[in-house]
Protein chains: 2
Amino acid sequence: MTKRLGAKLEQALLDAAWEQLVEQGYAAFTMDAVAARARTSRAVLYRRWTGKHALVRAVVAHVARPDDVEIPDTGSLRRDTISMMKIANRGRLELITALTVHLGGYYQETGTSPVDLRKTVFPTRPHIPRMLLDRAIARGEVAPARVSDRIASVPYALLQQEFFMTLKPVSNATIEEIVDTIFLPLCARTRVRGP
Amino acid sequence: MTKRLGAKLEQALLDAAWEQLVEQGYAAFTMDAVAARARTSRAVLYRRWTGKHALVRAVVAHVARPDDVEIPDTGSLRRDTISMMKIANRGRLELITALTVHLGGYYQETGTSPVDLRKTVFPTRPHIPRMLLDRAIARGEVAPARVSDRIASVPYALLQQEFFMTLKPVSNATIEEIVDTIFLPLCARTRVRGP
DNA sequence: CCTTGAAGATACAGGATTGTATCTTGAAAA
DNA sequence: TTTTCAAGATACAATCCTGTATCTTCAAGG
């Protein structure tokens, strides 16, 4: 029996936990099932996390590491936003599904909400849509007045709704339609230059 | 000890089951908890349904009865939309949340998907946002050009996202903010009269 | 090579849930 | 009033999960 130690083992544990959550859901997300999937025993889990709730937070933080999100900087708000939406569409949908569909039980048991989990996992994460907009403002592409955080998050709200309707990745055509017919008009209303 | 019989008892059982699901989530949706909330015993439940999964389907069917949704007609797109959002916020969001957030465990256990259940719950109903917009167009309040179905559904996408993040009813102030800073500007861009 | 500490395996009590069985009680119909 | 059958109240074994404790085994640092 070959042993895994330290960080290497921890990676395997978190990977196994994530697979278990995605494939079997929160109801089957037991310490026993996670340990079995990682081919180890519950004791190893309890040495690292106090229980299921702490493990959930660790798993979400593990798979949602912001390091692997590259923030596009194309010089135009349209291309920035489309790029960011495509990245979210490709890579984050599994995470969003887990946070919403699979973790209902977690929220009930802990009395928390997805916002709370997000705060716990990303204490100081920058608001990326806000960043993209601020860069557009700095370029003089958009006027700062009345471009609220709510407007900044509109494309992602629509992307998410689209995803929940189809449960499949959203097409690039739909992404561009959202940006061109919804988001940019909302920003263009306060454009510095333009019609 | 006063007894309830037949249909009257069944209503009480399904009401209790729905309350239990909404308030405590699927993880706490046990036959015992439902029976206790209905002030009866598990045997009564097992006489009617074979188990938890059958009870879930019965509850969803029970709550999703074709209750006539009052479609507001106030003479203004703003008031129509705000009224409709408040109605959705009060009545339908609870159901949507149950179908998506709370029932993740059900989908895993039964191997079904949210769309399967949604089809049963919402058979074919009119696209209410589209109706509100068409009436505004008929009044000459909004120009027909470029007011797409996607724009019509934007307020509800934002409402839904807001709800999913907090798992609580959305405030009226937020509803009005969505309408005034997002939806109406999108429509006003093609207004017949006005700035 | 030897020591150390964690990995890995196993056992255990406690608690919760399931599904069934059994019994008494009471509401409704004959 | 009497009969009937479901409601209601237990009780039960079986199963699962939790959290802890104990023991052996192995990888890494000294």
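State all residues of the stretch A:16-25 that are within 8 Å of A:Ala38 (Cβ to Cβ) and either within 9 Å of DNA strand C (Cβ to nearest atom) or in contact (Cβ under 8 Å) with a residue 24 or more places away in the chain (or both); if no residue qualifies, say none.
In the first step, residues of the stretch A:16-25 are kept if they are within 8 Å of A:Ala38 (Cβ to Cβ); the result is A:16-17.
A:Ala17, the sole residue that qualifies.
Of the residues that make up the stretch A:57-78, is at least one among the polar types (S, T, N, Q) and closer than 30 Å to B:Phe163 by Cβ?
Scanning the stretch A:57-78 turns up no residue that is among the polar types (S, T, N, Q) and closer than 30 Å to B:Phe163 by Cβ.
Please verify whether B:Thr40 is out of contact with any helix residue (DSSP H, G or I) (no Cβ under 9 Å at 6 or more places or on another chain) and within 16 Å of DNA strand D (Cβ to nearest atom), treating the condition exactly as stated.
Working: out of contact with any helix residue (DSSP H, G or I) (no Cβ under 9 Å at 6 or more places or on another chain): no; within 16 Å of DNA strand D (Cβ to nearest atom): yes.
The answer is no for B:Thr40.
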Sort out which residues of the stretch B:158-176 are at pLDDT 90 or above and facing chain A (nearest Cβ under 7 Å), and write them in order of number. B:Leu158
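Say we look at the stretch B:119-131 and pick out the residues that are surrounded by fewer than 20 Cβ atoms within 10 Å (Cβ to Cβ) and modelled with pLDDT of 70 or more; which of these is nearest to the other protein chains (Cβ to nearest Cβ)?
Of the stretch B:119-131, the ones surrounded by fewer than 20 Cβ atoms within 10 Å (Cβ to Cβ) are B:119-128, B:130-131.
Filter once more, keeping what is modelled with pLDDT of 70 or more: B:127-128, B:130-131.
Numbers: B:His127: 13, B:Ile128: 15, B:Arg130: 15, B:Met131: 19 Å.
Ranking the candidates gives B:His127 first.
Would you confirm, using the coordinates I've provided, whether A:Val63 is more than 15 Å from DNA strand C (Cβ to nearest atom) and within 20 Å of A:Phe122 (Cα to Cα)?
Values: more than 15 Å from DNA strand C (Cβ to nearest atom): yes; within 20 Å of A:Phe122 (Cα to Cα): yes.
The answer is yes for A:Val63.
Does the stretch A:6-26 contain at least one residue that is among the hydroxyl-bearing types (Ser, Thr, Tyr), within 14 Å of chain B (Cβ to nearest Cβ) and either within 17 Å of A:Leu99 (Cα to Cα) or touching a helix residue (DSSP H, G or I) at 6+ places or on another chain (Cβ under 6 Å) (or both)? Don't jump to the end; show me each part of the working.
If we filter the stretch A:6-26 for residues that are among the hydroxyl-bearing types (Ser, Thr, Tyr), which is where we start, we get A:26.
After this cut, where a residue has to be within 14 Å of chain B (Cβ to nearest Cβ) as well, the list is A:26.
Filter once more, so that each one left must be either within 17 Å of A:Leu99 (Cα to Cα) or touching a helix residue (DSSP H, G or I) at 6+ places or on another chain (Cβ under 6 Å) (or both): A:26.
There is at least one residue in the stretch A:6-26 that is among the hydroxyl-bearing types (Ser, Thr, Tyr), within 14 Å of chain B (Cβ to nearest Cβ) and either within 17 Å of A:Leu99 (Cα to Cα) or touching a helix residue (DSSP H, G or I) at 6+ places or on another chain (Cβ under 6 Å) (or both).
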Those residues of the stretch A:21-37 which are within 11 Å of DNA strand D (Cβ to nearest atom) and not acidic (Asp, Glu) amount to A:Gln24, A:Tyr26, A:Ala27, A:Ala28, A:Phe29, A:Thr30, A:Met31, A:Ala33, A:Val34, A:Ala35, A:Ala36
Which of the residues belonging to the stretch B:31-83 are without any contact (Cβ under 8 Å) to a residue 40 or more places away in the chain and of a type in the set (S, T, N, Q)? B:Thr40, B:Ser41, B:Thr50, B:Thr74, B:Ser83
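The values are calculated or read from the model by the stated rules, or taken from the named source; none is laboratory data. Predicted, not measured: the structure shown is a model, and the values here were computed from it. Using ideal geometry, Cβ is built from the backbone for each residue, glycine included, and neighbour counts are taken over all protein chains shown.
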